[in-house]
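Working notes, beginning with the structure itself.
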Amino acid sequence: MQGVALDMDGLLFDTERIYWQVGDVILQRRGFRFSSDLQKQMMGRVGLSAIGEMIAFHQLDDEPATLLAESNTVYAELLLDHIRPMPNLDRFIDHLCRSGIPFGVATSSQRQFVEMILPTTTWQDRLTFVLTGDDVTHGKPHPEMYLRAAELLSIAPAKMLVLEDSGNGAAAGMAAGAVTVAVPNEHSHDQPFDGVELIAESLGDDRLWAMLPAAASPTDTGSSS
């Protein structure tokens, strides 16, 4: 592998739990409740596309842009107080940094929320690129996101490792021709991941790490004389 593209929601940070809260708040205002079936359809899609799934699922009368704006308001109120990293995130990012392999974020989230989340990390400046839902015309499962990621890494998609937690995201990675690994979470473990290279237990899975370049020792100061 010559580069890595990372999804964000549900892979790096446990935001799916927050999205569930937001969806439930929005739908309760309209006499419905959020559900795993609806979440499965929305996961990995960009803003208006995801909201379109909600409208179709419950046959709502709302305009997509208006409902998205309402959802954004609720999400922004909850985000920073409730966000938390996924298990083994710090170890995994440290390994990527020490291995020297370039990596970046390719998320369906809107840029305004990505710019709230990434500054809370210690590794934002190590990212080669940040792609958001605002940067693509077609959201996952369309391959556009990961084709653009490969361009930004200046490598062929077949030399890029994609990590995803959702079926839609994994489908996008595979459609782009990338080597795709699924890292399901509690919200996506029952989604289809047919065709992926590996279904990892977590970001700490040894089988995933074996697919990456070896990392330099933290005490390695370079070549010796």
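The values are calculated or read from the model by the stated rules, or taken from the named source; none is laboratory data. Note that the coordinates shown come from a computational prediction; the quantities given were computed from them, not determined experimentally. With ideal geometry, Cβ positions are generated from the backbone for all residues, glycine too; neighbour counts draw on all protein chains shown. These area figures cover heavy atoms from the full protein model, side chains too; ligands, DNA and RNA do not enter into them. Shrake-Rupley method; radii C 1.70, N 1.55, O 1.52, S 1.80 Å.
Points worth noting:
- Residues that are part of a helix (DSSP H, G or I), touching a helix residue (DSSP H, G or I) at 6+ places or on another chain (Cβ under 7 Å) and surrounded by 15 or more Cβ atoms within 10 Å (Cβ to Cβ), drawn from the stretch 62-96: 64, 67, 68, 70, 71, 74, 75, 78, 79, 95
- Of all residues in the stretch 172-184, those satisfying the criterion of being over 13 Å from residue 40 (Cα atoms) and not hydroxyl-bearing (Ser, Thr, Tyr) are 172, 173, 174, 175, 176, 177, 178, 179, 181, 182, 183.
- Selection count, the stretch 96-114, where residues are touching a Ser or Thr at 6+ places or on another chain (Cβ under 7 Å) and in contact (Cβ under 8 Å) with a residue 60 or more places away in the chain: 7
- Boolean, residue 117 is in a loop (DSSP other than H, G, I, E, B), closer than 30 Å to residue 214 by Cβ, touching a strand residue (DSSP E or B) at 6+ places or on another chain (Cβ under 9 Å) and touching a residue at least 24 places away in the same chain (Cβ under 8 Å): no
- For the stretch 12-33, filtered to residues that are assigned to a loop (DSSP other than H, G, I, E, B), open to solvent by less than 20 Å² (accessible area, probe 1.4 Å) and not charged (D, E, K, R), the residue that is farthest from residue 169 (Cα to Cα) is 15.
- Residues in the stretch 34-59 that are within 19 Å of residue 139 (Cα to Cα) and not in a helix (DSSP H, G or I): 43, 44, 45, 46.
- Pick from the stretch 165-187, criterion out of contact with any Gly (no Cβ under 6 Å at 6 or more places or on another chain) and of a type outside the set (A, V, I, L, M, F, W, C), ranking: most open to solvent (accessible area, probe 1.4 Å): 186
- Residue match in the stretch 174-186 (condition: under 17 Å from residue 92 (Cβ atoms), polar (S, T, N, Q), at pLDDT below 95 and in a loop (DSSP other than H, G, I, E, B)): yes
- Filtering 103, 113, 129 for residues that are under 19 Å from residue 19 (Cα atoms) and of a type in the set (Phe, Trp, Tyr) leaves a single hit, 113.
- Check on residue 200, free of Cβ contacts under 8 Å to residues at least 40 places away in the same chain and under 12 Å from the mean Cα position of the chain (by Cα): no
- Filtered by the rule that a residue be assigned to a helix (DSSP H, G or I) and among the basic types (Lys, Arg), the stretch 120-146 gives a lone residue, 126.
- Screening 86, 42 for residues that are of a type outside the set (Phe, Trp, Tyr), without any contact (Cβ under 8 Å) to a residue 60 or more places away in the chain and in contact with an Asp or Glu (Cβ under 7 Å, 6 or more places away or on another chain) leaves exactly one candidate, 42.
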